[in-house]
Amino acid sequence: MKKKATNKVVNSCCLENEDTFITIKEIVKEVLNEKEQKRKNDLEETFKEHGENLNTSSRVEKKDKMFYSSKTDKIENIQYFVLDGNNFQNHLFVRAIARKMIFKNVDFSKTYFENCYLRDCRFIRCNFEGAKFTGSNLIGSYFKDCNFDYVTFEKTFVDDEIFQCAPKRDNLRYKFARSLKLNYASIGDYIKASKAVTIELEATKSHLKDSWLSGEEWYKLKYGGIKRRFEQFRKWVAVSLLDFVWGNGESLWRLIRFNLIIFSILTLFHIFSKSVTDVYKILDIFIIKIPSNYFGIVVKGTDNNNYFDYYPAWLNLTLVITRLICFGLLMSIIIKKYNRR
């Protein structure tokens, strides 16, 4: 009797366990079905709202907000409010205000700033990758060890100390400088725009050189093949040559230096052609006679003939063409420098 009773109890427990297992299985199945259905519904809503293969970026929009923190710090007898480690990734700030704030290790990546007032702030080790500033005021703000990869600026007032945080890679550096150049030009600050142009040209020349000469994997993938490398080499030669002659339109001194080199070559040509050894005559040739002839003033010799009759026709033609080009470059520099004032 005891054995039969025991068997009944065991069978009853097994049935109960089996029923419990089936119940749990059904519950799990229902939960999974609910999640799958919710996912399908979300995809359908997304498709209706955005179209195929598009999803919302979940950008957070903040309008007319003021940054504030209870934490304070005093620097040079000036009290600042401190925000440390905050995450404002993929935000849209419209008319946001911050003054005398310290932002430390704050993530502003992919964030847009529209008509924001961020004066006299300090940004330390902040991430601005992919950010955009439009119509904002950052005058007096200080940036240190910040990431400005792929950042763009439009009609934004910002001090040129921001160049200290320019990206390290040349291809990102010249794009960063180009964005600031256009930004400064749009607000009429052509002195800072000229500085941006200088940085842009240096980074462009370095990037073009690395694109055909560097053995880095990134350049090999993007500029692989003899044809593409030769094209980059041609661009690098053109930019380097123009930079040497007149700094790509930004350096009057380089244009003067180029002409002094021409005078030096002509002086050497005169020394070897006339076997001149007198130092005073050489200086007279270099300082007086060659510049006069170069600029179209006829210099008479001892026989009352043209002092430079011994120049071959090809050299005279080359000098005339070079002189016309240099005058054109000079006028271009003058117009660029002074028509903005």
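The values are calculated or read from the model by the stated rules, or taken from the named source; none is laboratory data. This structure is a prediction, so every number in the text was calculated from the model and none was measured. Note: ideal-geometry Cβ built from the backbone for every residue, glycine included; neighbour counts use all protein chains shown. We work out accessible area using only protein heavy atoms, side chains counted, and drop any ligands, DNA or RNA first. Shrake-Rupley method; radii C 1.70, N 1.55, O 1.52, S 1.80 Å.
I'm checking my understanding of the structure. Among residues of the range 272-295 that are closer than 15 Å to residue 262 by Cα and exposed (fewer than 14 other Cβ atoms within 10 Å of the Cβ), which one is nearest to the chain's Cα centre (by Cα)?
295
Quick check on my filter: what residues within the range 24-60 are surrounded by fewer than 10 Cβ atoms within 10 Å (Cβ to Cβ) and modelled with pLDDT of 75 or more?
56, 57, 58 - these are the residues of the range 24-60 that are surrounded by fewer than 10 Cβ atoms within 10 Å (Cβ to Cβ) and modelled with pLDDT of 75 or more.
Please specify each residue of the range 303-325 satisfying the condition of being open to solvent by 70 Å² or more (accessible area, probe 1.4 Å) and of a type outside the set (Phe, Trp, Tyr).
303, 304, 305, 309, 313, 317, 321, 324, 325
I need the full set of residues from the range 102-138 which are open to solvent by 10 Å² or more (accessible area, probe 1.4 Å), of a type in the set (S, T, N, Q) and assigned to a loop (DSSP other than H, G, I, E, B), in order please. Walk me through it before giving the result.
So in the range 102-138, the residues open to solvent by 10 Å² or more (accessible area, probe 1.4 Å) come out as 104-105, 107, 110, 112, 114-115, 117, 119-120, 122, 124-125, 127, 129-130, 132, 134-135, 137.
With of a type in the set (S, T, N, Q) added as a condition, the list becomes 105, 115, 127, 134, 137.
Scanning the range 102-138 gives 105, 115.
Sort out which residues of the range 174-184 are within 8 Å of the chain's Cα centre (by Cα) and open to solvent by 70 Å² or more (accessible area, probe 1.4 Å), and write them in order of number.
Correct list: 175, 178.
For the range 187-232, which positions are open to solvent by 20 Å² or more (accessible area, probe 1.4 Å) and among the hydrophobic types (A, V, I, L, M, F, W, C)?
Once the filter is applied, which keeps residues that are open to solvent by 20 Å² or more (accessible area, probe 1.4 Å) and among the hydrophobic types (A, V, I, L, M, F, W, C), the range 187-232 yields 187, 191, 197, 199, 201, 212, 213, 218, 221, 226, 230.
Could you go through the range 154-171 and let me know if any residue there is in contact (Cβ under 8 Å) with a residue 24 or more places away in the chain, among the hydrophobic types (A, V, I, L, M, F, W, C), open to solvent by 30 Å² or more (accessible area, probe 1.4 Å) and outside any loop (DSSP other than H, G, I, E, B).
Yes; the residues of the range 154-171 include at least one that is in contact (Cβ under 8 Å) with a residue 24 or more places away in the chain, among the hydrophobic types (A, V, I, L, M, F, W, C), open to solvent by 30 Å² or more (accessible area, probe 1.4 Å) and outside any loop (DSSP other than H, G, I, E, B).
Mind checking whether some residue in the range 92-101 is over 21 Å from residue 139 (Cβ atoms) and either open to solvent by less than 70 Å² (accessible area, probe 1.4 Å) or of a type outside the set (A, V, I, L, M, F, W, C) (or both)? Working first, answer last.
Kept after step one, since they are over 21 Å from residue 139 (Cβ atoms), are these residues of the range 92-101: 92.
From the residues that got through so far, the ones that are either open to solvent by less than 70 Å² (accessible area, probe 1.4 Å) or of a type outside the set (A, V, I, L, M, F, W, C) (or both) too are 92.
Yes, that holds for at least one residue.
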